[in-house]
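Accompanying notes for the structure given below.
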Amino acid sequence: MLIVTWALSLLWLGLNYFWRFASVEVLLAIPIMLLLYALLALIGYIYWGVRQVQEQEAPYANIMVGVIVAVTLLYFNFNLLQIVLQAIER
């Protein structure tokens with residue numbers, strides 16, 4: 001669900017021509033904030049997954065699914081930051 005949200009947010013920004021009118025600070029702030037969000041999601045998935053395993057004896061697969069989703073978000077957001085930095089350099 002987080003990946004869908006990320007993709008829809010990115011699509012919305014692109015469709016509204018936000019990238020043409022935004023200042024450099026905003027162009028840098030958006031991917032950095034998304035990167036921080038993905039990092040917090042990774043920490044949250046690990047924390048709540050381990051807690052659920054300890055308290056409710058849930059399977060460890062829940063942690064792996066959360067970590068995979070969060071790492072994917074980190075990857076997408078890092079690539080987005082690189083694209084924005086390359087666009088600013090031009």
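The values are calculated or read from the model by the stated rules, or taken from the named source; none is laboratory data. Quick caveat: nothing in here was measured; it's all calculated off a predicted structure. Glycine gets a Cβ as well: all are built from the backbone with ideal geometry, and neighbour counts include every protein chain shown. These accessible areas exclude ligands, DNA and RNA; they are computed on the full protein's heavy atoms, side chains included. Shrake-Rupley method; radii C 1.70, N 1.55, O 1.52, S 1.80 Å.
Here are the numbers for the structure shown:
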item	result
Residues satisfying the stated conditions in the range 47-90, i.e. among the acidic types (Asp, Glu) and in a helix (DSSP H, G or I)	GLU55, GLU89
Neighbours by Cβ (under 6 Å, 6+ apart or cross-chain): first from the range 54-68, surrounded by 11 or more Cβ atoms within 10 Å (Cβ to Cβ); second not β-branched (Val, Ile, Thr)	ALA58/GLN52; ASN62/GLY49; ILE63/GLY49; GLY66/TYR45; GLY66/GLY49; VAL67/TYR45
Pair list, Cβ < 9 Å and 6+ apart or interchain, from the range 69-88 residues that are among the hydroxyl-bearing types (Ser, Thr, Tyr) to residues that are part of a helix (DSSP H, G or I) and open to solvent by less than 50 Å² (accessible area, probe 1.4 Å)	THR72/LEU2; THR72/ALA38; TYR75/ALA38
Residue in the range 20-53 that is surrounded by the fewest Cβ atoms within 10 Å (Cβ to Cβ), counting only those that are within 26 Å of ALA87 (Cβ to Cβ), of a type in the set (Gly, Ala, Ser) and touching a residue at least 12 places away in the same chain (Cβ under 8 Å)	ALA41
Counted residues, the range 77-90 - those being open to solvent by less than 70 Å² (accessible area, probe 1.4 Å) and either at pLDDT 90 or above or closer than 11 Å to LEU35 by Cα (or both)	4
